[in-house]
Amino acid sequence: MCGIAGFSGPDVYPDAARPLLARMIHTLAHRGPDGYGFHAEPGVGLAHARLSIIDLATGDQPIHNPHRDVWTVFNGEIFNYIELRAELEAAGHVFYTRSDTEVIVHLYDRHGDRFVEYLNGQFAIALWDARRQRLVLARDRAGIRPLFHVRAQGRTWFASEVKALLAALPQCASIDPAGLVQTFTYWSTLEPQTIYRDVQSLPPGCLLAIESDGSETLRRYWDWTFPDAADSAPVREPRSVDQAAAELRELLVDAVRLQLRADVPVGAYLSGGLDSSGIVAMIRGFTQTPVRTFSVAFEDGEFDESEHQMAMVRYLGTDHTTLRCTRRDIGEAFPRLIRHTETPVLRTAPVPLMLLAGSVREQGYKVVLTGEGADEVFGGYDLFKEAKIRRFWARQPDSRMRPLLLQRLYGYLENSPVRNPAFAQSFFGQGMEHLQRPIFAHTPRWATSQRALAFLSPELRASVGDWNPLDAYERTLPAEISSWSGLARDQYVEAKSLLAGYLLSSQGDRVAMASSIEGRVPYLDHRVIEFANRLPASFKIRGMTEKYILRRALSDLLPQEILQRTKQPYRAPDSQSFFFDGQPLDYVAELMGADSIRAAGYFDPVSVGRLVEKCRQGRATGFADNQAFVGILSTMLVHRGLDDGPRRDAGVTWQRSSTADRTEPALIH
């Protein structure tokens, strides 16, 4: 795991490139504290910050092919590199390292841009082809590792994090109103857009080629796909739940086996739920790897899962460390979180995971396996069951009984929307007119998040015009989604929005790498995703039991209390983490004060003042208020970070912003 940065263009020369590369890569020292590597030649500059995990002796990057005319820097891991290397050596390729990185240049020599299709891993890759004077950028299928790029000054610039780009291009240090509005709706921007004007994110499963003449081709080499629900005889392999569970077990065990590959010790997160417990149980039962586990516990019972965590520790006999996290810990660490996320967030949940990663590092570990992704792959969230009930309800909209099924959801919430039947019918009844649209399941969540837009300043709101979040999101979806089942549509939107845009970034890569920790996610092995996507919806949600097939696959590895436990999403205290004895933390008082809000220009100071007072008094108990508060505070922290460095403009002015106004490479499927 590492950080990468660089640039290409006709005016790039080695002597001038090296100091600029150093300036960029040094901002990513947290991603790669074990050393830096550089390569510069006419046309390109590549930089790498290394976190040594595989081939500690000879794996320094950049890595080249035997002719030294193909070079790469790479962030991530190629888990099947041993098998790939054996195939390539059998075909006559000669290697000079034992690293997983070297297979990339050999695969490119052999297969061209299709090299990425052979990789099983989590990666962000920059590859320079000196023969053709072309730069290739590629990102893993699920979007586990980040990769940002921008066209400026006649060059293409890229980096693992935006801060490396800003070190060379301070003119990009400006928040895009459209990106902010998207974040306050979907919890992240719509890729390739980012929160920063002109900076783009390479979408998951995509490869971008920049040719010698500056032309660009963006190709999607992989995507989440599902069978056509209208097919009267769809191919359903395997044909029974038992067969499916057995095949899934085999796939998961192999994914875990591959992701344990490292030349350093590997640990695992243990949340006390089905997903992480299953990963630890498979390590324990099917590998020789010593099991070292880590978890986070809370002082608030509503969020704490330590009882279930310790039950699994006793059951599996792991060597375990628990980090206890208080509200004050969260509030005081929040500014550091935003320095690493580089984008506003709507919840504080990433902070304890950032602190946990620090604890893992203190224990001498660099790698942890996590249970992330299982909910998206196997239908684990209440959102999926909620959508199932709402579709059932829509068949008889006047029914008084059908909406009562909603009371079986969100039992883990202290202020659950289903506790009041009348409110539940009103809340979950919104958006029913979108029943046939792919975004149907997400309309209640997005409506709640969007309430934060009421706090925007009139000038910023005007700059985005009559933007419609549902229409905007649907324009990003593949045409064939309309033929998929309801659950498949819901899973796709969830995977492309919350998973890729928030969970794998702000709550995944960024918080782990803040302490130089690599997180690995076996449930997002692309073979597991592809297998699960072929299964009928009833294999994933049976009645009101979520992740049914995963429970069956793990049935003999876990105790019944874990197997039968209803999903409890990981959460943390939000606005309560910033006020103590009726007073805000000092930086909160400063940033959320009327003068700071007015000077920044993003929000209306009067509306924000009312929200702050509500939170100070402890009356902000709903999702909407808490998300708005955390979103505004994190935006102000991003703004302060930009103000601390060079900016393009001394003041803030808003112009009409639209991603449609930008020239972007055509996406080839």
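The values are calculated or read from the model by the stated rules, or taken from the named source; none is laboratory data. Not measured: the values here are computed from a predicted model. Note that each Cβ is placed from the backbone with ideal geometry, even for glycine, and that neighbours are counted across all protein chains shown.
Overview of values
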{"quantity": "Residue check, LEU404 surrounded by fewer than 16 Cβ atoms within 10 Å (Cβ to Cβ) and at pLDDT below 85", "calculated": "yes"}
{"quantity": "Qualifying helices (runs of 4 or more DSSP H) (wholly inside the stretch 569-627; at least 1 residues being in the same structural domain as CYS325 (by TED's automatic domain parsing) and at pLDDT below 95)", "calculated": "none"}
{"quantity": "Test result for LEU251, assigned to a helix (DSSP H, G or I), of a type in the set (A, V, I, L, M), more than 28 Å from ILE78 (Cβ to Cβ) and in contact (Cβ under 8 Å) with a residue 40 or more places away in the chain", "calculated": "no"}
{"quantity": "Residue satisfying all of: in the stretch 115-129; of a type outside the set (A, V, I, L, M) and not in a helix (DSSP H, G or I); surrounded by the most Cβ atoms within 10 Å (Cβ to Cβ) among these", "calculated": "GLN122"}
{"quantity": "Qualifying residues in the stretch 475-500 (those that are of a type in the set (Lys, Arg) and touching a residue at least 12 places away in the same chain (Cβ under 8 Å)) - the one farthest from SER188 (Cα to Cα)", "calculated": "ARG489"}
{"quantity": "Identity of the residue in the stretch 193-204, in a loop (DSSP other than H, G, I, E, B) and modelled with pLDDT of 95 or more, that ends up surrounded by the fewest Cβ atoms within 10 Å (Cβ to Cβ)", "calculated": "PRO203"}
{"quantity": "Selection status of GLU102, within 28 Å of the chain's Cα centre (by Cα) and closer than 19 Å to ARG527 by Cβ", "calculated": "no"}
{"quantity": "Residue check for VAL521: hydrophobic (A, V, I, L, M, F, W, C) and in contact (Cβ under 8 Å) with a residue 60 or more places away in the chain", "calculated": "yes"}
{"quantity": "So ILE279, is it β-branched (Val, Ile, Thr) and under 18 Å from GLN568 (Cα atoms)", "calculated": "yes"}
{"quantity": "Which numbered condition SER99 fails, given (1) touching a Leu at 6+ places or on another chain (Cβ under 7 Å); (2) over 26 Å from ALA17 (Cα atoms); (3) of a type in the set (Gly, Ala, Ser)", "calculated": "(1)"}
{"quantity": "Restricting the stretch 23-37 to residues that are within 11 Å of ILE4 (Cβ to Cβ) and among the hydrophobic types (A, V, I, L, M, F, W, C), the residue that is nearest to the chain's Cα centre (by Cα)", "calculated": "LEU28"}
{"quantity": "In the stretch 458-486, the residues that are exposed (fewer than 14 other Cβ atoms within 10 Å of the Cβ) and of a type in the set (Asp, Glu)", "calculated": "ASP466, ASP471, GLU480"}
{"quantity": "Of all residues making up the stretch 572-596, the number that are in contact with a strand residue (DSSP E or B) (Cβ under 9 Å, 6 or more places away or on another chain) and within 19 Å of GLU302 (Cα to Cα)", "calculated": "3"}
{"quantity": "Candidates ASP109, ASP100, filtered to the one that is touching an Asp or Glu at 6+ places or on another chain (Cβ under 8 Å), charged (D, E, K, R) and either within 22 Å of LEU207 (Cα to Cα) or in contact (Cβ under 8 Å) with a residue 40 or more places away in the chain (or both)", "calculated": "ASP100"}
{"quantity": "Set ALA229, ALA246: member being outside any loop (DSSP other than H, G, I, E, B) and either of a type outside the set (Val, Ile, Thr) or not assigned by TED's automatic domain parsing to the domain that holds HIS526 (or both)", "calculated": "ALA246"}
{"quantity": "Selection within the stretch 205-219 - within 18 Å of VAL150 (Cβ to Cβ), outside any loop (DSSP other than H, G, I, E, B) and either among the polar types (S, T, N, Q) or out of contact with any helix residue (DSSP H, G or I) (no Cβ under 6 Å at 6 or more places or on another chain) (or both)", "calculated": "CYS206, LEU208, ALA209, ILE210, GLU216, THR217, LEU218"}
{"quantity": "Spans of helices (runs of 4 or more DSSP H) in the stretch 454-500 with at least 3 residues among the aliphatic types (A, V, I, L, M)", "calculated": "486-494"}
{"quantity": "Hits in the stretch 55-114 - residues which are among the aliphatic types (A, V, I, L, M) and surrounded by fewer than 17 Cβ atoms within 10 Å (Cβ to Cβ)", "calculated": "LEU56, ALA57, ILE82, ALA86, ALA90, ALA91, VAL94"}
{"quantity": "Complete set of residues in the stretch 331-350 that are out of contact with any Ser or Thr (no Cβ under 6 Å at 6 or more places or on another chain) and under 10 Å from VAL630 (Cβ atoms)", "calculated": "PHE334, LEU346, ARG347, ALA349"}
{"quantity": "Residues that are surrounded by 23 or more Cβ atoms within 10 Å (Cβ to Cβ) and aliphatic (A, V, I, L, M), drawn from the stretch 612-636", "calculated": "VAL612, ALA628, VAL630, ILE632, LEU633, MET636"}
{"quantity": "Residue under evaluation SER497, criteria (1) over 11 Å from the mean Cα position of the chain (by Cα); (2) buried (at least 21 other Cβ atoms within 10 Å of the Cβ); (3) modelled with pLDDT under 95; (4) not basic (Lys, Arg), criterion not met", "calculated": "(1)"}
